[in-house]
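Please read the structure below before turning to the comments.
The values are calculated or read from the model by the stated rules, or taken from the named source; none is laboratory data. Since this is a predicted model, take the numbers as computed values, not measurements. Note that each Cβ is placed from the backbone with ideal geometry, even for glycine, and that neighbours are counted across all protein chains shown.
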Amino acid sequence: MRAELDAWRFDDRYRDAGLTGNPFGGKEHTGGGAMFVTRGLPDPPPSGSATLVQVIGEKGAGKTTQLHVWRERNMGPYHYVPPEPYRHRWRPPPVAPIVYGDEIDRMPWPLRWLWLRRLAADRATAIIGTHVDLSAIAAGCGLAVVTHRLEPVDRATLDAIIEARLRGAARVSAGHLRFRFSDADLHAIHAESGGSIRDAEVHCHKLLAQRVH
């Protein structure tokens, strides 16, 4: 009973701020397009184009978010390569007219080579997130390559991402938010995160929890 009461009080803090909860959770959002803000990248080519679209960026640059935005617009199987255990990196990736993959640089190179060869043979469109440029191996397997590099976000882009997260968690879909970070807050969040979206969301999560306490 005490745990249930504590949980109710926790939720009520955000309710009083006009929010359904803290939208800056520990993991990046993978649903709810209204909460997404991306870099304005063009849509990938359609399925059946024998193309690899690679989004390259450091950890927290927004690669996964971009992949899920595109996938909401054009569905296809999604394959994530985990950091560990190593044997899970060998899990066979899907082959389909359009397929999405994340952390593909972790995939063992023999499996990656076979996968890209199969995608090229089927004239598939593969849309991936990676830390490493895979254009050479993709071209060698017969795929055209489109590359997007995500640099650390600037202040204006990060402000828009934070605004979108808050609006996605707003209890009322009105034209204004009851809770906002101050300009000084946003400046500090951007400076402390170094332009990493993931690190910025960690800062936002902690700061919002403090402000609604």
Qualifying position, being under 24 Å from HIS68 (Cβ atoms), of a type in the set (A, V, I, L, M, F, W, C) and in contact (Cβ under 8 Å) with a residue 60 or more places away in the chain, among ALA144, ALA120: ALA144
Unique match (being of a type in the set (A, V, I, L, M), part of a loop (DSSP other than H, G, I, E, B) and at pLDDT below 95) among ALA34, ALA61, ALA96: ALA61
In the stretch 175-200, the residues that are in contact (Cβ under 8 Å) with a residue 40 or more places away in the chain, closer than 17 Å to THR20 by Cα and not basic (Lys, Arg): LEU177, PHE179
Residue in the stretch 155-175 that is assigned to a loop (DSSP other than H, G, I, E, B) and under 28 Å from MET107 (Cα atoms) present: no
Checking ILE162 against (1) more than 24 Å from ASP102 (Cβ to Cβ); (2) of a type in the set (Val, Ile, Thr); (3) touching a Cys at 6+ places or on another chain (Cβ under 8 Å), the condition it does not meet: (1)
Filter result for the condition that a residue is over 23 Å from the mean Cα position of the chain (by Cα) and either more than 23 Å from ASP12 (Cβ to Cβ) or surrounded by 18 or more Cβ atoms within 10 Å (Cβ to Cβ) (or both), over LEU177, LEU143: LEU143
Members of the stretch 116-144 found to be in a strand (DSSP E or B), over 30 Å from SER193 (Cβ atoms) and of a type outside the set (Gly, Ala, Ser), listed by number: THR125
Qualifying residue in the stretch 92-107 (condition: under 17 Å from ALA50 (Cβ atoms) and either touching a Phe, Trp or Tyr at 6+ places or on another chain (Cβ under 6 Å) or among the hydroxyl-bearing types (Ser, Thr, Tyr) (or both)): yes
Evaluation of GLY194 against (1) within 23 Å of the chain's Cα centre (by Cα); (2) surrounded by 13 or more Cβ atoms within 10 Å (Cβ to Cβ); (3) not polar (S, T, N, Q) (one fails), failing number: (2)
